[in-house]
Amino acid sequence: MITIGINYIGGPGHDSSAAIAVDGSLKFAIAEERLTRRKQDSSFPIKAIQACLDFEGIKIEEVDEMVFGWPELNKHFATSIKLNFTGALKESFPRQALNYYRSLTSRNVKRYIESYQLKPKKITHLDHHFAHAWSVVPFLESEKSLIFIVDGRGISESTTVYLKNGFDLEVLERINFPNSLGLYYAEMTSMCGFRKYSDEWKVMGLAPFGKKSFDLSHLIASTSGSHTVNHKTLLNVEQLALNGKVIQRPESDEVAINDEDIKDLAHSAQYHYEQTILKFVKYYTNLYSIKSIGMAGGVGLNCKANGYLMRELQLEEFFIQPAATDDGTAIGAALYPFHLNNTIKKEQFYPYLGKEFTNDEIKEVLDKYHLDYQFIDEVEKDAASELAKEKIIGWFQGRDEFGPRALGNRSIVSNPGTAKMKDKVNEVVKYRESWRPFAPSLLKEEAENVLKNIKSSPYMILTDYVSEDYAEKIPAVVHVDGTLRPQTVDKDINLRYWNLINEFYIITGLPVVMNTSFNLKGEPNVCHPSDAVQTFFTSGLDILYLGNYKVKKKP
Ligand SMILES: [Fe+2]
């Protein structure tokens, strides 16, 4: 059986994507943004669907089931109308609702299916949180686990807790919008002057610069396996009265790092989220005596809170779907039908699910642009020696990563040994806020020497503290509070990236490189070799490695 899973909802969606599974195994997945070059693209993922078909070398007619990670249009619209009436969306009815309806109908699924002549044998729709949950289920080792889906809003749901037994799921709790942890964090992101539902990680990065000055317990709390978010105060908030002060939302995102109140607000917002999610999750882990957890939904990308949960609850298994936002529902949607016909398999999640290009295909692109290049046999050794000389390199290898993190196949890699490297990469490549931290990739074998607690973190989705030994050695990847967001690189999963770090280790004594996604500010991560070439020549990158080819800029 062949299935295609899709994340697409029409008007208000984001991160459209498609995934293909064959006989119970996930084969390929890609977000539409990587192909259209529009970040978080919400359009119908026709390019992603075509890429899935191309990967398997099949036609759409051969697909047995096309599964959407959202219910049908009428359910979404009916819920939105209800939320409008209750004031939860703070939009005036009927004008906003009508606009919303027009936006949905003009971009509805049936319309695209017809216009693109997509004729799979069957089309089905899943509950949104159920699709998120199935992006986790086959990748958990334990028979019994708790799964937490936490996002802004599905149809009406914002948090769902499932008990997983084998491949069966039982809903333990469902909390509806606007009582939403995603809404809380998004509005706090906005209050710090950043873009909500987009720049949440900036709050996480800013938090350690502030203090826990503000008591936000009237805005967010958790009791007896539930949580409450004060949406009446928070929705589209412009100012907050806290500790006898009125905090105004800054006009621009550049204010944050120089404003003590905003830094304290970021710290307090993160602190209160961490306390709430800890109490909420702990309630269930205690009740069911389960130490295996799965998580998905956009709030699952809060790596600082994830690290805190891992340490405080001493979890034995904690799998957070790396594509935690809605793009990941394509995976869940593609895999769920195999449970129904008893052919689903338990497997380790493999994040390199996208496109790959051969050396010949890369050469064709380099020739097209009339570039000077060299073919290097031992490309890892060559790149490591350039990193040791503090060159910043573009590293384009193997299959594209699925999800927001670059994990060594579409990465900008540099030397973490001097603090100035962080500023250099920020200035010449990323053009982003100088205070935001970069993450390390390290040899898995060295994790216990470099990190304080975590032995494995393959997807860069948990923070940990740096060990005393390494605190001074890798300043470019350690944040002001001594934390880092590591990727432990496993030889058996990504040999070429492991070799690069190992060669760097041999030269410098550091089993760690600095890794950031291969894109400029505001753009999606590169996918095609021509995206990489374009980014290389419009940034301050020193050297580009694509497969075995090395490209330099002319002096
Ligand atoms: Fe979602």
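The values are calculated or read from the model by the stated rules, or taken from the named source; none is laboratory data. Bear in mind the structure is a predicted one, so any value in this text is a computation, not a measurement. Cβ placement follows ideal geometry from the backbone for every residue including glycine, while neighbour counts extend to all protein chains displayed.
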Which residues, taken from region 15-37, are of a type outside the set (Val, Ile, Thr), in contact with a helix residue (DSSP H, G or I) (Cβ under 8 Å, 6 or more places away or on another chain) and surrounded by fewer than 19 Cβ atoms within 10 Å (Cβ to Cβ)?
23, 27, 37
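Conditions (1) within 16 Å of the ligand (Cβ to nearest atom); (2) charged (D, E, K, R); (3) not in a helix (DSSP H, G or I), marked per residue:
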site	(1), (2), (3)
110	no, yes, no
113	no, no, no
158	yes, no, yes
163	no, no, yes
172	no, no, yes
187	no, yes, no
193	no, no, yes
198	yes, no, yes
Selection over region 389-446 where residues are surrounded by fewer than 20 Cβ atoms within 10 Å (Cβ to Cβ) and among the hydroxyl-bearing types (Ser, Thr, Tyr) yields a count of 3
Okay, helices (runs of 4 or more DSSP H) sitting entirely in region 224-343 with 3 or more residues that are within 16 Å of the ligand (Cβ to nearest atom) and farther than 23 Å from residue 196 by Cα, I get 329-340
Looking only at residues in region 138-156 that are assigned to a loop (DSSP other than H, G, I, E, B) and over 23 Å from the mean Cα position of the chain (by Cα), which one is farthest from the ligand (Cβ to nearest atom)?
143
Would you check which residues across region 501-539 are hydrophobic (A, V, I, L, M, F, W, C) and without any contact (Cβ under 8 Å) to a residue 40 or more places away in the chain and list them?
537
For region 540-555, what are the residues that are touching a residue at least 12 places away in the same chain (Cβ under 8 Å), surrounded by fewer than 21 Cβ atoms within 10 Å (Cβ to Cβ) and not charged (D, E, K, R)?
540, 543, 548, 549
So for region 519-534 (the condition being assigned to a strand (DSSP E or B) and among the basic types (Lys, Arg)), does at least one residue qualify?
no
Considering region 170-189 alone, what residues qualify as being surrounded by fewer than 19 Cβ atoms within 10 Å (Cβ to Cβ), modelled with pLDDT of 95 or more and not basic (Lys, Arg)?
170, 171, 172, 173
Residue 215 over 24 Å from the mean Cα position of the chain (by Cα) and part of a loop (DSSP other than H, G, I, E, B):
yes
For region 8-38, name all the residues that are among the polar types (S, T, N, Q), farther than 20 Å from residue 64 by Cβ and touching a residue at least 40 places away in the same chain (Cβ under 8 Å).
16
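Matching residues to (1) at pLDDT 95 or above; (2) among the basic types (Lys, Arg); (3) surrounded by 22 or more Cβ atoms within 10 Å (Cβ to Cβ):
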{"site": "58", "(1), (2), (3)": "yes, no, no"}
{"site": "67", "(1), (2), (3)": "yes, no, yes"}
{"site": "71", "(1), (2), (3)": "no, no, no"}
{"site": "82", "(1), (2), (3)": "no, yes, no"}
{"site": "96", "(1), (2), (3)": "no, no, no"}
{"site": "105", "(1), (2), (3)": "no, no, no"}
{"site": "111", "(1), (2), (3)": "no, yes, no"}
{"site": "117", "(1), (2), (3)": "no, no, no"}
